[in-house]
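The values are calculated or read from the model by the stated rules, or taken from the named source; none is laboratory data. Because the structure is predicted, anything quoted here is derived from the model rather than measured. Neighbour counts are summed over all protein chains in view; Cβ atoms, including those assigned to glycine, are modelled from backbone coordinates with ideal geometry. Accessible surface is based on the protein model in full, side chains and every heavy atom, while ligands, DNA and RNA are left aside. Shrake-Rupley method; radii C 1.70, N 1.55, O 1.52, S 1.80 Å.
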Amino acid sequence: MVNVHIHQFKPGGAVVDAAALAQFQQQWATYRKLVESDCLAQREVSGILRGTLNEVFKSPFAFLDIACGDASAMKTALAGTRVRHYHGIDLSQAALELAAANLAGLPCEVELDHRDFVEAMMRRPEHADAAWCSLSIHHLSTDDKLTLMKTIRGAVGARGMFLLYEPTRRDGEDRGGFLDRFLRINKPLWSVLTPVEWEQIWHHVTTCDFPETTAVWCELGREAGFGEARQVFADPTDFFRLFRYAA
């Protein structure tokens, strides 16, 4: 039987994106609708992640999941890989309890930390061979994104890698243009949502989302110390893109 440990931490330190995370917890059922209907292309992204891990790691590796949520995608993404240790971080206790159940079948040690992922990364001494973050870093300012990515670079060490899946602005598109395009395309496309649920999502996007362009996401990786920084996937709507950073 694989051990799953949830570590509790006393509140302390500034939660940089507290508003975004609070809204995320309130909108959990709405978010799950989007995931389960694959509106965010996470099935294909999970397949890319699994393939990348199997390609890169021929021996057992440690995996860090930043802002892991309920880790539902990891149940399939890590299955069949050589993962030996999983470490997930999230501020939502409810999400971590779901993550514990979702990851119970993985043949590796599972550690779950109940804390703000920004604070956790600033205080994290442990090494990870691969780090992953999905749909969370875009809540931070550009400077805070860079600070966090530097800590991730330090965590994965000289031969580690980091994969990041985030909303991304098109070249030459400002935040206002991104929001206009988001409303025009996704409101009719995400028909699985009720009007109230769409308003929840729209409020979250307009108040908490600060996406970068592909060029900036890659430049942040290089500034953080990664030698390789490139886009490897764009979802069919061109709102979400997957980036790979390596030494």
Open item on the list: For the stretch 155-169, check the following and say yes or no: at least one residue is open to solvent by 60 Å² or more (accessible area, probe 1.4 Å), modelled with pLDDT of 95 or more, closer than 19 Å to ASP38 by Cβ and touching a Phe, Trp or Tyr at 6+ places or on another chain (Cβ under 8 Å).
Closed with: no
- [ ] Taking ARG32 as meeting all but one of (1) in contact with a strand residue (DSSP E or B) (Cβ under 8 Å, 6 or more places away or on another chain); (2) at pLDDT below 95, write down the number of the exception.
- [x] (1)
Open item on the list: For a quick check of your reading of the model, give me the residue pairs whose first member lies in the stretch 72-90 and is in a helix (DSSP H, G or I), whose second is not small (Gly, Ala, Ser), with beta-carbon atoms closer than 6 Å and at least 6 apart or on different chains.
Closed with: LYS75/ASN102; ALA77/LEU49; ALA77/ARG50
Open item on the list: Six or more apart or on different chains, Cβ atoms under 6 Å: show the pairs whose first residue is in the stretch 147-175 and of a type in the set (D, E, K, R) and whose second is part of a strand (DSSP E or B).
Closed with: ARG169/THR213; ASP171/THR213
Task: Criterion: in contact (Cβ under 8 Å) with a residue 40 or more places away in the chain, assigned to a strand (DSSP E or B), under 19 Å from LEU135 (Cβ atoms) and in contact with a Cys (Cβ under 8 Å, 6 or more places away or on another chain) - qualifying residue of PHE233, PHE243 - done: PHE243
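For the stretch 46-71, what are the residues that are assigned to a loop (DSSP other than H, G, I, E, B) and crowded, with 24+ Cβ neighbours inside 10 Å? Give the steps one after another, and end with the answer.
Going through the stretch 46-71, the residues assigned to a loop (DSSP other than H, G, I, E, B) turn out to be 57-60, 67-71.
Matches in the stretch 46-71: ALA67, CYS68, GLY69, ASP70, ALA71.
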Task: The lone exception for THR147 - which of (1) open to solvent by less than 30 Å² (accessible area, probe 1.4 Å); (2) in a helix (DSSP H, G or I); (3) over 21 Å from VAL35 (Cα atoms); (4) β-branched (Val, Ile, Thr) it fails - done: (1)
Task: Residue satisfying all of: in the stretch 76-92; open to solvent by 30 Å² or more (accessible area, probe 1.4 Å) and touching an Asp or Glu at 6+ places or on another chain (Cβ under 8 Å); farthest from ARG50 (Cα to Cα) among these - done: LEU91
Task: Those residues of the stretch 119-144 which are β-branched (Val, Ile, Thr) and open to solvent by 20 Å² or more (accessible area, probe 1.4 Å), in sequence order - done: THR142
TODO: Keeping to the stretch 208-223, report how many residues are more than 18 Å from GLY177 (Cβ to Cβ) and in contact with a Phe, Trp or Tyr (Cβ under 8 Å, 6 or more places away or on another chain).
DONE: 2
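Got a sec? Which of ASN3, ASN54 is more than 19 Å from GLU197 (Cα to Cα) and modelled with pLDDT under 75?
Values: ASN54 fails: modelled with pLDDT under 75.
Being more than 19 Å from GLU197 (Cα to Cα) and modelled with pLDDT under 75 holds for just one of ASN3, ASN54, which is ASN3.
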Task: Residue satisfying all of: in the stretch 93-106; open to solvent by 10 Å² or more (accessible area, probe 1.4 Å) and out of contact with any strand residue (DSSP E or B) (no Cβ under 8 Å at 6 or more places or on another chain); farthest from PHE61 (Cα to Cα) among these - done: ALA94
TODO: For GLU223, work out the one condition from (1) farther than 30 Å from SER37 by Cα; (2) open to solvent by less than 60 Å² (accessible area, probe 1.4 Å) it doesn't fulfil.
DONE: (2)
Open item on the list: Restricting to the stretch 166-211, count the residues that are aliphatic (A, V, I, L, M) and in a loop (DSSP other than H, G, I, E, B).
Closed with: 2
